[in-house]
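A quick write-up on the structure given underneath.
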Amino acid sequence: MEGFRPGSVGTSSLAPHPSSRDYPCTCKLNPSPLITISVLIVEDHAIVREGLCALLKGEADIRIIAQAENGHDAVRLAANLQPDVILMDIAMPQLNGIEATRQILRARPDARVLILSAHHDDAYVEAVMGLGASGYLIKQIAGQILPEAIRRVHEGGKYLCPAVAKRRDHQRQRAHDRGECRVAHQTAVLTSREAEVLQLIAEGRPNKESAQILHLSIKTIEKHRQSLMNKLNIHDTAGLTRHAIAAGIIESSVQVTIL
């Protein structure tokens, strides 16, 4: 009824009773339902996945619906389950988190991907944020801010851990003070398939194994390898591996503890 207020007496007049403040409302109001955020964890180390699950277990509004140990599984589960937030590692076998993020966001542009990495190198940060990731956390301190970050990106915001955000702000301020502007570097653009093949080459996998992983013929793998060498003007496996590391396609192995 228009004009009705809890605690007022609804008779022929809608005016509140003079002594209504002495009679608190005893009606039972249905509380707003708790919004549950569904999360997909993508991390190749089981012990880290277990730590993340334990960390988020006590959060009433966060629910882990699935886990993936490589980028291929992440892409598949993200499409099938449509999680609210995808917690994505970068360094993973077969398909890294950068390429998995690209494929997920290409299929579902409104997906919320929150990167969880052992590194805060500019190459990694710029690569995933440029793709449209919603945030970037460093594993060493993620335990302190992870629930807050998940809620922020679920609401549509961006979240960078303090160390990354501070360095980016500092870089932008220096560029502003010098009157500089960011200029995009002209780099070869790889297809998703080429990026997958490049990672497998950098991991030292022979053509036959790469073909089995990607469900392709050996001849197709060789064709992609040659295309990579032509595009990048790199003509040996060692050079391709160095490029993969520099581009953030694979990471150096780092021992990390989630605090």
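The values are calculated or read from the model by the stated rules, or taken from the named source; none is laboratory data. Keep in mind that what you see is a predicted model, and the values were worked out from it rather than measured. Neighbour counts are summed over all protein chains in view; Cβ atoms, including those assigned to glycine, are modelled from backbone coordinates with ideal geometry.
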Find all pairs meeting these conditions: Cβ atoms under 6 angstrom apart; at least six residues apart or on different chains; first residue within segment 39-57 and among the small types (Gly, Ala, Ser); second residue surrounded by 17 or more Cβ atoms within 10 Å (Cβ to Cβ). Gly51/Ile258
Whether any residue in segment 156-179 is at pLDDT 90 or above, surrounded by fewer than 18 Cβ atoms within 10 Å (Cβ to Cβ) and on the phi < 0 side of the Ramachandran plot is what I want to check. yes
Restricting segment 105-150 to residues that are part of a helix (DSSP H, G or I), of a type in the set (Gly, Ala, Ser) and farther than 13 Å from Cys161 by Cβ, which is modelled with the lowest pLDDT? Ala123
Flagged in segment 124-160 as within 11 Å of Arg112 (Cα to Cα) and of a type in the set (D, E, K, R), in numbering order, are Arg151, Arg152, Glu155, Lys158
Of residues in segment 31-74 being more than 17 Å from Gly97 (Cβ to Cβ) and among the polar types (S, T, N, Q), the one farthest from the chain's Cα centre (by Cα): Ser32
Residues being crowded, with 21+ Cβ neighbours inside 10 Å and of a type in the set (Val, Ile, Thr) - total across segment 63-93: 4
Within segment 209-217, is even one residue of a type outside the set (Lys, Arg), at pLDDT below 70, outside any helix (DSSP H, G or I) and more than 18 Å from Val128 (Cα to Cα)? no
Please tell me if Ala78 is under 30 Å from Gly204 (Cα atoms) and either at pLDDT below 95 or over 13 Å from the mean Cα position of the chain (by Cα) (or both). no
Look through Val189, Val197 and report the one residue that is at pLDDT 90 or above and either outside the structural domain of Ala127 (by TED's automatic domain parsing) or at negative phi (or both). Val197
